[in-house]
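Read through the structure below, which is laid out as structure tokens, and then see the notes.
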Amino acid sequence: MENESFLDKLSKEIIKKYNDNLQSVIIVLPNKRAKVFLLDSLNKYTSKTIFAPQITSIEDLIQDISDIRTIDSIALLFEFYEVYYEITKKENLQSFDVFSNWAKTLLQDFNEIDRYLLDPNYVFSYLKDIEALKRWDLEASDTTSLIDNHLEFWKKIPEYYNSLYKSLKNNKIGYQGLIYREAVENLIPYSNSLSLEDKKLVFAGFNALNQAEEKIILHLLSSDQAKIYWDIDGFFISNSYHDAGLFIRRFKKQWKNYSTQPFEWISEDFQQEKNIDIIGTPKTIGQAKIAGKIIEDLEANQKDGSKTAIVLGDENLLIPVLYALPNSVEALNITMGYSGKNNPAQLLVNKLFKLHSNAIKRKSSNYTFYYKEVLDILNHPLVEPYLGVNEVIQTIHNNNFTFFSFDTLFRLRQEKYPDVENEYFDLLFSKWDVSTIEILNRIGSILLKIKTFLNNDSEEEKVVKAFVYATYKVINKLINYCETYQRIDTIDSLYEMYKQVIDLAEVSFEGEPLTGLQIMGVLESRVLDFDNVIITSVNEGKFPSGKSQNSFIPYDVKKELGLPTYKEKDAIYSYHFYHLLHRAQNIYLLYNTDNEGIDAGEKSRFITQLEIEKQPKHNITHKIYNAVLPEKAYSIMRIPKSDKMMERLAEIATVKGFSPSSLTTYIRNPIQFYFQRVLRINEMDEVEENIAINTLGTIIHETLEVLYKSYIDKFLTVQDIDEMISKIDNTTLDQFKIVYKEGEIKKGKNLLAFEVAKRNIFNFLQLEKKLIEEGDTVKILSLEERLEVVIQDGKLSYPVKISGNVDRIEIRNNTIRIIDYKTGKVEANTLKINEFDGLTNDIKNEKIIQLLCYALMFREKHEYKDYPVEAGIISFKNMKAGFMSFGLGKGRGVVSQTLITDEILEAFKSEMIVLINEILNANVDFKEIL
């Protein structure tokens, strides 16, 4: 049997009592959103055309009684600053952004004190005395200016309060607490005016009341000008420990009129038959998926007309839930605003503030941008599709621009797109060294420009347009604030103000509230009843929201003065939670089971309470849903060789040639070889903010090549080395600029890398100098020389070329040395082997394979065939080892053969043929090695 909703019951009662004169009734509800549902309910129980009663919210009623209109929180902050500015000594004045940090908290306390009708002077005096007592044992000589200023602040609070209260009241504007206090003061005149007009107020669906609300309602009840209808279940009233009935139990017990009048209404709906599914799943996003599946099942199984709601304990779930809804949902209404924090248009404005405020702060003669902040904007989804400056982005990557001036950015744009006028680019990046009003106008122009790019062809673009419009309204509001109050004169203050305003800005969605699926927040669900309820984020810290309390008033003082604490806040959440369950038949409670990380969750106490206090007719099931894991977490990638691929491999083998490094890449991971050599896919160029290890190695290689270049084909002397040492600084700097391009090398980690490069080169030249002094004769034959060899063998389908660059070839003491520089650490024993069998099967032999490839290629240079040949490595992180040569035979007591003979090269060549045959074999797939 369907339960009768609270609004239906209220409608029948009102029509029954006031059918002839609904105009004489003013129905007061906890929020504005319930009004449309109540009107629909009244319509159901009326057979004739009548004028509807006046329906209002409690806040609107209080404004009517007080004759003071509410002021939004940002305007209130400005009004407070005006008062603060007038009553504070000029030398003690704080800037608006500093002031706003503590003023917001203080205003919240003013609001609570007024809503609960406390004597402000008593409260502030009490707090000041507490602060003074904390320092009772300090001698005058022990106090500091910080302590003195802190106490002075507490002494000034009453003056802040009284001046602000007076100023707001004179202007007939106020924050909620002030309006409530003034409404109580104006209650008698309002009550008298009601009796003259023969009006009757009906308060419905309330739970927690502050002192002002309680006093107003009690007065109207006692003068028989009002009626109040509660919505509470008997289970919560009778259980003296249950938080859901905390406030209403107190009213039932303390309000004197209940000694002679009935308490209306106590229902028995909660104990009726209900299906309660408690569903846990890891991570928040899983709840959105489950909610979508539940809706799909409900749509298939439920009768027409059943009312379903998704109540979001965490508003950030709205967009994931919308994406998770099945296509069968035809009618949808979102009765909650979407937070401005996640609005993509707002995120763009936030990035613009960050870019330009940091550009202004940098101590530079130019307006300097940081590359990440520029790329954040250029790659933003509201910029990238409409700007079309990919070549500028690529240039920033390729040239390692880290910090660059405003002029440089616009020069790059002009060079890449000389014939294109781009107003949008100019709006985004033109300097913000203008007034705050002009900055806001420019942001407004950016948002209007985005609007021109959008049309209403798709639902997605309609949503984006709603986001842009919401942000545009915020910017207009800021312009109004700046023009009215004229206190925002720096970009920092403006940014601080923007962040505060955007926190309050919500994107409203269009929908039909009376049909289809309802998606709402917790507070929007007040007074409403549904057949099927899905509640998400039923976790501690979300539902209820936890103990966080932003206030200058300590917990024990709040408790003593009768101000609400987190205990009362939890009781309010408890009432909302259980009210959603009152008349629902199918209830789904979703919570996050993951207890680690940022998105961690702990099951809400409400779920535990439901399980412990299980009602006889409640059918409770508990499920844990985990993501479906495939049988294999990952399958090894395997690429068969097609005819086209074999053509590409033949092209590499015969035209360009296999380099030693590409062969070792294949040994390390054939898939990597496939991507880099076959498909020609290289890593994307990105800005190196800090010099990468491979870039540092390139710089050292290039510097040594430049230093030694002048001495090719001559025997080196100590004087030659000394001359090279004198050029280290300038040559290294030049190579840094060539390789690292526009990257910053004068500070931070890059300066350290620069010094490391110079030290490595200096140590290398010092070792060279020492060996020459000890009698070595050294003649440089070539630097970075490209060598190649064509391997022909009956086992190969066709001749295969091997080619590559050798860092250095020299004649030292009548022996040819082929040298490979390594900036990493290499140990000599990694260059020794006992035999060639299986050489290419182990990646540990990669350095040996590279060295022997160089030697095999060098053998083609017949003019040096009479010289003995060695090949080895000089490691800059193991400089004391000097030249470490390849050696054959590394067993105990065996002296390695370091000279590379034809026999050694033939044995190596045989191993290489085996490897190349595998690469060129059409039946051997490229298989990933993990």
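Quick notes
- Residue-level check: of (1) assigned to a helix (DSSP H, G or I); (2) at pLDDT 90 or above; (3) of a type outside the set (S, T, Y), D40 misses just (2).
- For region 587-594, the criterion of being in contact with a helix residue (DSSP H, G or I) (Cβ under 9 Å, 6 or more places away or on another chain), at negative phi, among the polar types (S, T, N, Q) and surrounded by fewer than 16 Cβ atoms within 10 Å (Cβ to Cβ) is satisfied by no residue at all.
- Residue within region 621-642 that is hydrophobic (A, V, I, L, M, F, W, C), in contact (Cβ under 8 Å) with a residue 60 or more places away in the chain and under 30 Å from F270 (Cβ atoms) present: yes
- For region 295-324, the set of residues classified as touching a Ser or Thr at 6+ places or on another chain (Cβ under 9 Å) and assigned to a helix (DSSP H, G or I) consists of I295, E296, L298, E299, A300, E315, N316, L317, L318, P320, V321, listed by residue number.
- Listed conditions (1) aliphatic (A, V, I, L, M); (2) assigned to a helix (DSSP H, G or I); (3) closer than 27 Å to D529 by Cβ are all met by I667, apart from (3).
- Residue within region 190-198 that is within 43 Å of the chain's Cα centre (by Cα) and either among the aromatic types (F, W, Y) or assigned to a helix (DSSP H, G or I) (or both) present: no
- Test: residue in region 486-498 that is in a helix (DSSP H, G or I), in contact with a strand residue (DSSP E or B) (Cβ under 6 Å, 6 or more places away or on another chain) and of a type in the set (D, E, K, R): no
- Residue match in region 236-250 (condition: charged (D, E, K, R), surrounded by fewer than 14 Cβ atoms within 10 Å (Cβ to Cβ), modelled with pLDDT of 90 or more and within 20 Å of Y573 (Cα to Cα)): yes
- Filter pass, S548 being crowded, with 16+ Cβ neighbours inside 10 Å and at pLDDT below 85: no
- Of all residues in region 251-271, those satisfying the criterion of being polar (S, T, N, Q), surrounded by fewer than 16 Cβ atoms within 10 Å (Cβ to Cβ) and not in a helix (DSSP H, G or I) are T260, Q261, Q271.
- Any hit, region 846-858, residues being loosely packed, with under 13 Cβ neighbours inside 10 Å and out of contact with any Phe, Trp or Tyr (no Cβ under 6 Å at 6 or more places or on another chain): no
- Residue in region 378-388 that is surrounded by fewer than 19 Cβ atoms within 10 Å (Cβ to Cβ) and over 17 Å from L347 (Cβ atoms) present: yes
- Residue within region 903-926 that is farther than 27 Å from I652 by Cβ and surrounded by fewer than 20 Cβ atoms within 10 Å (Cβ to Cβ) present: yes
- Some residue of region 767-777 being under 23 Å from F876 (Cβ atoms), under 53 Å from the mean Cα position of the chain (by Cα), modelled with pLDDT of 90 or more and not charged (D, E, K, R): yes
- Selection from region 827-845 of residues that are in contact with a strand residue (DSSP E or B) (Cβ under 6 Å, 6 or more places away or on another chain), among the aliphatic types (A, V, I, L, M) and surrounded by fewer than 21 Cβ atoms within 10 Å (Cβ to Cβ): A828
- Residues of region 164-180 that are within 17 Å of R115 (Cβ to Cβ) and more than 41 Å from the chain's Cα centre (by Cα): K169 alone.
- Pair list, Cβ under 6 Å, 6 or more apart: region 732-760 residue at positive phi, other residue at pLDDT below 80 and not β-branched (V, I, T): K741/N399; K741/N400
- Only listed residue being over 30 Å from L76 (Cα atoms) and surrounded by 19 or more Cβ atoms within 10 Å (Cβ to Cβ), chosen from L221, L178: L221
- Residue check, N327 surrounded by fewer than 22 Cβ atoms within 10 Å (Cβ to Cβ), polar (S, T, N, Q) and outside any loop (DSSP other than H, G, I, E, B): no
- Which numbered condition K341 fails, given (1) surrounded by fewer than 17 Cβ atoms within 10 Å (Cβ to Cβ); (2) at pLDDT 85 or above; (3) assigned to a helix (DSSP H, G or I): (2)
- Taking the numbered list (1) in the same structural domain as I290 (by TED's automatic domain parsing); (2) not in a loop (DSSP other than H, G, I, E, B) in turn, N595 passes all entries but (2).
- Among residues of region 533-551 being in contact with a Ser or Thr (Cβ under 6 Å, 6 or more places away or on another chain) and either part of a loop (DSSP other than H, G, I, E, B) or in the same structural domain as D109 (by TED's automatic domain parsing) (or both), the one that is farthest from P158 (Cα to Cα) is V538.
- Some residue of region 301-309 being over 30 Å from P616 (Cα atoms) and loosely packed, with under 15 Cβ neighbours inside 10 Å: no
- Of the listed requirements (1) exposed (fewer than 10 other Cβ atoms within 10 Å of the Cβ); (2) more than 30 Å from V806 (Cβ to Cβ); (3) in contact (Cβ under 8 Å) with a residue 24 or more places away in the chain, V655 misses just one: (2).
- Among residues of region 389-421 being assigned to a loop (DSSP other than H, G, I, E, B) and more than 30 Å from the chain's Cα centre (by Cα), the one that is surrounded by the fewest Cβ atoms within 10 Å (Cβ to Cβ) is D419.
- Top-ranked residue of region 552-585 - restricted to ones that are more than 23 Å from E315 (Cβ to Cβ), among the basic types (K, R) and in contact with a Ser or Thr (Cβ under 9 Å, 6 or more places away or on another chain), ranked as surrounded by the fewest Cβ atoms within 10 Å (Cβ to Cβ): K559
- 3 or more residues farther than 22 Å from L888 by Cβ: qualifying strands (runs of 3 or more DSSP E) within region 772-837: 778-791, 800-812
- Close contacts from region 1-26, counting a first residue that is more than 14 Å from K227 (Cα to Cα) and a second that is among the charged types (D, E, K, R) and surrounded by 15 or more Cβ atoms within 10 Å (Cβ to Cβ), with Cβ to Cβ under 7 Å and a gap of 6+ residues or different chains, come to N3/D269; N3/R583; S5/D529; S5/R583; F6/D231; F6/D529.
- Boolean, G562 is under 30 Å from S125 (Cα atoms), among the small types (G, A, S) and not assigned by TED's automatic domain parsing to the domain that holds N210: yes
- Any hit, region 874-885, residues being more than 30 Å from V756 (Cβ to Cβ) and in contact with a Lys or Arg (Cβ under 8 Å, 6 or more places away or on another chain): no
The values are calculated or read from the model by the stated rules, or taken from the named source; none is laboratory data. For clarity, every value in this text was computed on a predicted model and none was experimentally measured. Note that each Cβ is placed from the backbone with ideal geometry, even for glycine, and that neighbours are counted across all protein chains shown.
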